Ligand SMILES: Cc1cc2nc3c(=O)[nH]c(=O)nc-3n(C[C@H](O)[C@H](O)[C@H](O)COP(=O)(O)O)c2cc1C
């Protein structure tokens, strides 16, 4: 495939446009964050990168806690709103109609309308040039019962999660495979994922 060589850029995609809640049940805020990622399995840890100029920055720094709420496609407009307006001027819960639910292990609220929330406690703040990394432990997970099937299995595919890629929002689409399926030679797996063989990227 022909390539053009560009300089370095923050072009990882897709990434999740999560809504991060902070504060407490009375005084809380929501900031949309796309620069986030899991960095350790046991104990489970993630990072969020937040510019020090954000209103949420000091709240998270002082309280040492936040929740990462996964955004479903139907809440993309709301997530965008929470990523444009500042909590210094707007009560984003009031403006968006999102409702708060109590978390299990942190005092920041979680968002009722989101299918899954990760409750996080900050371990370390790692400054970068534009953003600071909040490295945090995921101390609890809150899951909507709607996305747990009758066998108790988490069905995130039913959550209709949104993705963010180069400034645009998308909805996750067709399931293409499952972890390890490339090594599974069984007929049923091949039949289920028959459209995803080793192949070249489709041209338009
Ligand atoms: C899709 C999207 C992703 C964003 N990702 C980040 C991010 O990773 N880090 C950050 O500091 N700001 C990010 N922002 C910008 C903040 O969400 C925005 O400045 C917000 O208004 C800050 O809210 P606050 O002042 O109430 O904290 C993002 C905005 C959008 C719309």
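Coordinate-derived values only; no laboratory data. No experiment lies behind these values; they were computed from the predicted model shown. For neighbour counting, all protein chains shown are included, and Cβ atoms are generated from backbone atoms with ideal geometry for every residue, glycine included.
Points worth noting:
- Likely footprinting exposure, 144, 184, fewest C-beta neighbours within 10 Å first: 184, 144
- Largest GNM mean-square fluctuation across 17, 43, 72, computed for the chain with C-alpha springs under 10 Å, falls on 43.
- The chain shape via C-alpha gyration tensor axes, a/c threshold 1.5: prolate
- Using a Förster distance of 35 Å, the FRET efficiency for residue 55-residue 145 (Cβ separation, nearest 0.05): 0.60
- Label-zone membership for segment 44-78, site residue 126, 7 angstrom Cα→C-beta point, backbone N under 14 Å: 45-50
- In this simple spin-label model, placing a label point 7 Å from the Cα along the Cα-to-Cβ direction at both residue 15 and residue 112 gives a separation of 3.1 nm.
- In terms of packing, defined here as the mean over residues of other Cβ atoms within 10 angstrom, the peptides 7-13, 113-119 line up highest first as 113-119, 7-13.
- For segment 73-154: rounded, prolate or oblate by the Cα gyration tensor [a/c cutoff 1.5]: oblate
- Difference of contour (0.36 nm per residue) and Cα-Cα distance, residue 26 to residue 181: 51.2 nm
- Paramagnetic reach from residue 77 in segment 113-157 [backbone N under 17 Å; point 7 Å along Cα→Cβ]: 113-114
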